[in-house]
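Read-outs: derived from the displayed coordinates by stated rules, not from any lab. If you're wondering where the values come from, they're calculated on a predicted model, not measured in any experiment. A quick note on method: Cβ atoms are made from the backbone with ideal geometry, for glycine too, and the neighbour counts reach across all protein chains shown.
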Amino acid sequence: MTLDPAIAARLKRNDAGLVAAVAQERGTGDVLMVAWMDDEALARTLESRKATYYSRSRQQYWVKGETSGHTQYVHEVRLDCDGDTVLLVVDQEGAACHTGTHTCFDSDLLLGEPR
């Protein structure tokens with residue numbers, strides 16, 4: 001699968017060829033998780049509407065929920081103004097975090113008011 005050249009030209013990748021991908025829940029606005037994408041992962045996501053990321057540790061693609069059942073259906077994909085981060089607006093089924101919590105940002109409040 002190949003990423004549209006017009007989109008690829010706008011991406012600013014890190015030294016590993018990756019861009020940060022932020023998943024945000026459509027209904028609540030909660031930031032669910034941050035992962036990484038390369039051109040192939042982004043192309044797969046745009047084609048399938050299934051959030052597809054690149055695992056730096058395993059050096060392979062993974063579709064969110066493929067093994068856990070905790071899927072992300074992608075409604076929107078937006079590129080930030082610098083081209084180095086994509087925002088995925090998703091419907092989350094089940095937990096987004098690998099720890100089993102709704103979001104990877106449920107704990108460790110460093111500043112602010114708890115909800």
- Using a/c under 1.5 as the rounded threshold, could you call the stretch 33-98 rounded, prolate or oblate? The axes a ≥ b ≥ c are square roots of the C-alpha gyration tensor eigenvalues, and prolate needs a/b larger than b/c, oblate otherwise. oblate
- Message: Looking only at the stretch 2-115, where both bridge partners belong to it, what percent of the DSSP beta bridges are antiparallel (to the nearest 5)?
- Response: 75
- Note on the structure: Sorted by chain and number, the residues with a modelled amide H under 5 Å from that of Val90, at a separation of 5 or more or across chains, are Gln24, Glu25, Arg26, His75
- If you plug each phi of the stretch 55-69 into the Karplus form 6.51 cos²θ - 1.76 cosθ + 1.60 with θ = phi - 60°, what whole-Hz ³J(HN,Hα) values come out, in order, with x for Gly and Pro? 7, 5, 6, 8, 6, 7, 7, 9, 8, 4, x, 4, 9, 8, x
- Task: Subtract the Cα-Cα distance of His75 and Lys50 from 0.36 nm times their separation in residues, and report this length gain in nm to one decimal.
- Result: 8.1 nm
- Task: Quote to one decimal, in nm, the extra length available between Ile7 and Ser107 on full extension: 0.36 nm per residue of separation minus the C-alpha distance between them.
- Result: 32.5 nm
- Using the per-residue mean of other Cβ atoms lying within 10 Å as a proxy for protection, in what order, highest first, do the peptides 33-42, 93-102 fall? 33-42, 93-102
- Query: Please state the relative contact order of the stretch 1-88 as a whole percent: Cα pairs under 8 Å, 6+ residues apart?
  - Reply: 28
- Task: Sort the chain into rounded, prolate or oblate with this rule: let a ≥ b ≥ c be the square roots of the eigenvalues of the Cα gyration tensor; rounded if a/c is under 1.5, and if a/c is not under 1.5, prolate when a/b is larger than b/c, oblate otherwise.
- Result: prolate
- Item | Shape call, the stretch 65-115: gyration tensor on alpha carbons, a/c limit 1.5 | oblate
- Using Cα atoms only, what is the angle between the long axis of helix 39-48 and the major principal axis of the chain, expressed in degrees (0 to 90) to the nearest 10? 70
